[in-house]
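**Student:** Here it is, the structure, as structure tokens.
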Amino acid sequence: MLLLASTGLFAQRGITESSADVSFWVAYWGQPRLVLFGPKEEAFNKNVHEIMFPWNDHEEPSNPSTLDENVQWLKDHGNDRFYIHGYASSRGELIYNLALSQRRADWVKKALISKGIPENRIVVAAGWGQLYPVCPELTDECWSKNRLVRFSYSPN
């Protein structure tokens, strides 16, 4: 319900976020990740990496070896729980990109489970569409940086 409400707010403002919002998120993703929960979260952030996707795809990541490396690290740290966050570039319609980013998050979740990560370790898999961009320019190079799935640590 919250996702639908926030989608409505962004739709009322238009398809793109304000330049202040975009600038904030570009600066945010450019900083080292904030550690709130101690050494376990710090290790998680250091060792679990983003999965990148080609344009308009959710089933074949651009960096499949990173997914395998993430699986191995997660198996070696069997008590860590985490969130999966899917994203899309700003190319295309807002609603389509929300659905595409959700498909990416769901695909990564299914891939992790199929490779032996217990489902109960995944708190939630959520798609955020083109919100919270890494790169604001309207170029192929920049759009490619925004087509990804991120992981974030959960303390419990």
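**Student:** For q values of 0.14, 0.20 Å⁻¹, compute log₁₀ I(q)/I(0) with the Debye formula on a Cα-only model of region 82-156, without solvent.
**Tutor:** -0.44, -0.79
**Student:** Also: Could you rank the peptides 94-101, 50-57, 71-78 by their average count of other C-beta atoms within 10 Å per residue, with the highest value first?
**Tutor:** 94-101, 50-57, 71-78
**Student:** Okay, next question. Taking all protein chains as present, what is the carbon and sulfur share of the accessible area of region 33-116, in % to the nearest whole number, probe 1.4 Å?
**Tutor:** Carbon and sulfur atoms account for 52 percent of the accessible area of region 33-116.
**Student:** Within the set of other residues whose C-beta is less than 15 Å from the C-beta of GLU60, count the net charge using Lys and Arg as +1 and Asp and Glu as -1.
**Tutor:** Local net charge: 0.
**Student:** Apply the Karplus parameterisation 6.51 cos²θ - 1.76 cosθ + 1.60, with θ equal to phi minus 60°, to every residue of region 83-93 and state each ³J(HN,Hα) to the nearest whole Hz, in sequence, with x for glycine and proline.
**Tutor:** 9, 10, 10, x, 9, 9, 6, 7, 6, x, 7
**Student:** Net charge near ILE51, counting Lys/Arg +1 and Asp/Glu -1 over other residues with Cβ under 14 Å of its Cβ?
**Tutor:** For residues surrounding ILE51, the net value is +1.
**Student:** Return the long-range amide H neighbours of SER62 (sequence gap of 5 or more, or a different chain), with a cut-off of under 5 Å between placed amide H atoms.
**Tutor:** MET52, PHE53
**Student:** OK, next. Sorted by average packing, counted as other Cβ atoms within 10 angstrom per residue and highest first, what order do 84-91, 33-40, 137-144 take?
**Tutor:** 84-91, 137-144, 33-40
**Student:** Calculate the spin-label point distance for ILE95 paired with GLU141, positioning each point 7 Å from the Cα along the beta-carbon direction, and give it in nanometres.
**Tutor:** Taking the two extended label points, one gets 3.5 nm.
**Student:** Between ASP76 and ARG121, what is 0.36 nm times their sequence separation minus the Cα-Cα distance? Round to one decimal in nm.
**Tutor:** Length gained between ASP76 and ARG121: 14.9 nm.
**Student:** Under 12 Å from the Cβ of ARG121, count the other residues' Cβ atoms, weight Lys and Arg +1, Asp and Glu -1, and hand me the total.
**Tutor:** Surrounding charge for ARG121 is +1.
The values are calculated or read from the model by the stated rules, or taken from the named source; none is laboratory data. Computed from a prediction, not measured in an experiment: that's the story for all the values here. Here Cβ is always computed from backbone atoms with ideal geometry, including for glycine, and neighbour counts include all displayed protein chains. Note: accessible area is taken over every heavy atom of the protein model, side chains too, but ligands, DNA and RNA are not part of it. Shrake-Rupley method; radii C 1.70, N 1.55, O 1.52, S 1.80 Å.
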